[in-house]
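Undergrad: I'd like to ask some things about the structure below.
The values are calculated or read from the model by the stated rules, or taken from the named source; none is laboratory data. Source: prediction; values computed, not measured. With ideal geometry, Cβ positions are generated from the backbone for all residues, glycine too; neighbour counts draw on all protein chains shown. These accessible areas exclude ligands, DNA and RNA; they are computed on the full protein's heavy atoms, side chains included. Shrake-Rupley method; radii C 1.70, N 1.55, O 1.52, S 1.80 Å.
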Amino acid sequence: MSKIPFQISVALATLMTGGIASATVQTPIEPLKFDRTPTTIPIAQGQLLDQLWQQVSQLRGVGKYREAIAILDRIVQIEPEAFLAWYWRGEIFSNWGQYESAIASYDEAIRLQPSYLLAQYQKGQALYELQRYQAAVNTWQQTLTLNAESEYEQSLITTVIPKRIAQVLVSELRQYNQALSIYDQLLQIDAQMASVWVERAAALYQLERYQDAVASCDKALELEPRNALAWKRRGLALYQLERFDQAIASLERAASFNGTDLEVTTLLSILTTSGESTTEVRGAQQRLVALQTEIRTAEARLETLRNERQTLTAQFESSQSQVNQSQQRVVALREEIQTAQTQLQSFQVEIRESRQQLIAIREEIDTAQTQLQSSQAAVRQSQQRLVEVRQEITSAQARVESLQSERQSLEAQLVAVREEIETAQERLEASQTSVRQSQQRLVEVRQEVSSAQARVESLQSERQSLEAQLVAVRGEIETAQERLEVSRRELRTVQQRLSTLQGEIQTTEQRIATARTELRQLEERKTVEAETLQTLQVQYCGLQEDLSELEVAIRRIRGDSAAAVQRCQF
């Protein structure tokens, strides 16, 4: 077979580079990630934030980016530490095509949550769209230093981001050796990734290591025999090795597995019509006319696919918003359960303290009752003693009155005796014996009167002492009664509080049971929504690939040889 002209070789190299770039514009659909450290905010404010988040999801789903950004600004004003709001803000700006604003929002999200891997990754995507390729690579390399907190993030770190870096190094920065090093590291982790072998072959092709490129494609075909891209790149490398028959065979295999790949059909047309035969030229023109007809058909199909894509995008955004709301509700329910459990523990501690106080109060009441009984016994004894003293005083007073009457009688007798003495001086000597006896009797009576008066004074002082004791005992009785009344009031208060706490505990337990039921329902709904979301993602990716292939076919027919097919990671 004669060698193909140099212009055809240049076209093949351009197509090979375009095939490498096909993966560089892919953005994997990331799952929504919520703040793991929710901020404590008032209930009314939390409800307002929930409403605002729902509005953002709805507006984002229908493409009303300006209104969604305005609501996200309100959320940030209410909750300045809401890094997720900044992340969504950056994502909406990216969808809107305002990549500088998106980068500023991603930077703010990273400032608030430095470990947020998705914000770093999406920032690199925005830098790539601005054609700041080296900055994008540097950002993705920083992302690789973060810790993954989910299986999705782990897949980003181990596979998706390294492949993305290598693709940019090959297609934009043309740093093929560095890209080849990354592909080798990925294959050391998992040698069963056919796509990595195919992309590695592209880097080897650019380094003009065509035989190694063929070997890399052969590895990919061992894993995926129907991989059209591997057959195509194998054919290009074989052509450079001037193994033309094998190159055409590989390209024909690629066309058999992917009949819509216009690159392959064009290459085959070029290779098979490279001679000087007029018949072959006419056949090529006829095939060109047929190809134009196919392009018009493809354009119609492209329009249909765009409409389906819009419908699926709306469904996808709606499903994401529902999953978002479900996750927010789950987080809120978990916080309510934790709060209820904390309150329950606090109530239990208060109940234990109240029971201890109740036991102490009962002990004080028992002590006060014992003291009261003792005081009452002392009062009864004092009252009995007082009665006895009063009886003794009454008896002493009667005896004093008797002695006084006897004294008066004796004084009357003394007067009579004196009169008798004055009238009967002559009888003095005769009555001296009688007078001495009377005087002796008078002395005895006086002594008895003095003794009775002293005893009366002693009884009076004892009476005063007993009256003072009685007053003190009455004061103690009143104090004890007041303490008993206070203790009774405290006991009633504690009993009322205990009853209230028991009612609150029952209410809290009912709320916990209800919250757990709702949590189970939300988790079940979350599982269903996740399955639905995954199905929609697969459908969306399929349509996106079909749409990309048709767009690339149209552009290349129109002369844009740099266009490349977008491949979805799913």
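Undergrad: Within segment 131-249, considering only helices (runs of 4 or more DSSP H) that don't extend past its boundaries, which have at least 2 residues that are open to solvent by less than 20 Å² (accessible area, probe 1.4 Å)?
TA: In segment 131-249, 133-143, 161-171, 176-189, 194-206, 210-223, 228-240 are the helices (runs of 4 or more DSSP H) which contain 2 or more residues that are open to solvent by less than 20 Å² (accessible area, probe 1.4 Å).
Undergrad: Of all residues in segment 58-101, how many are over 24 Å from residue 129 (Cα atoms) and polar (S, T, N, Q)?
TA: The number of residues fulfilling the criteria is 2.
Undergrad: Out of 77, 125, which single residue is open to solvent by less than 20 Å² (accessible area, probe 1.4 Å) and either in contact with a Ser or Thr (Cβ under 7 Å, 6 or more places away or on another chain) or not small (Gly, Ala, Ser) (or both)?
TA: 125
Undergrad: Restricting attention to segment 95-122, which residues are under 22 Å from residue 64 (Cα atoms) and open to solvent by 30 Å² or more (accessible area, probe 1.4 Å)?
TA: Residues satisfying the conditions are 95, 96, 97, 98, 99, 100, 101, 104.
Undergrad: Output yes when any residue across segment 414-426 is modelled with pLDDT under 80, open to solvent by less than 60 Å² (accessible area, probe 1.4 Å), assigned to a helix (DSSP H, G or I) and closer than 30 Å to residue 467 by Cβ, and no when none is.
TA: For segment 414-426, residues modelled with pLDDT under 80, open to solvent by less than 60 Å² (accessible area, probe 1.4 Å), assigned to a helix (DSSP H, G or I) and closer than 30 Å to residue 467 by Cβ: absent.
Undergrad: For residue 105, are the conditions met, namely being of a type in the set (Ser, Thr, Tyr), free of Cβ contacts under 8 Å to residues at least 24 places away in the same chain and assigned to a helix (DSSP H, G or I)?
TA: Yes, satisfied.
Undergrad: In the list 543, 533, which residue meets the criterion of being open to solvent by less than 80 Å² (accessible area, probe 1.4 Å), assigned to a helix (DSSP H, G or I) and modelled with pLDDT of 80 or more?
TA: 533
Undergrad: Filtering segment 341-377 down to residues that are more than 52 Å from the chain's Cα centre (by Cα) and surrounded by 15 or more Cβ atoms within 10 Å (Cβ to Cβ), which residue is nearest to residue 470 (Cα to Cα)?
TA: 375
Undergrad: Also, I was wondering about something else. Out of the residues in segment 51-65 that are touching a Leu at 6+ places or on another chain (Cβ under 9 Å) and under 25 Å from residue 124 (Cα atoms), which is surrounded by the most Cβ atoms within 10 Å (Cβ to Cβ)?
TA: The qualifying residue surrounded by the most Cβ atoms within 10 Å (Cβ to Cβ) is 56.
Undergrad: Could you figure out which of (1) among the aliphatic types (A, V, I, L, M); (2) under 56 Å from the mean Cα position of the chain (by Cα); (3) loosely packed, with under 15 Cβ neighbours inside 10 Å isn't true of residue 553?
TA: All conditions are met except number (3).
Undergrad: Could you identify the single residue in 448, 478 that is over 20 Å from residue 386 (Cα atoms), touching a residue at least 12 places away in the same chain (Cβ under 8 Å), in a helix (DSSP H, G or I) and among the acidic types (Asp, Glu)?
TA: Checking each option against the conditions leaves just 448.
Every residue, every condition in (1) aliphatic (A, V, I, L, M); (2) surrounded by 12 or more Cβ atoms within 10 Å (Cβ to Cβ); (3) touching a Leu at 6+ places or on another chain (Cβ under 6 Å), yes or no:
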position	(1), (2), (3)
451	no, no, no
465	no, no, no
471	yes, no, no
478	no, no, no
486	yes, yes, no
491	yes, yes, no
500	no, no, no
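Undergrad: Which one is farthest from residue 407 (Cα to Cα), of the residues in segment 436-449 that are of a type in the set (S, T, N, Q) and loosely packed, with under 13 Cβ neighbours inside 10 Å?
TA: 437
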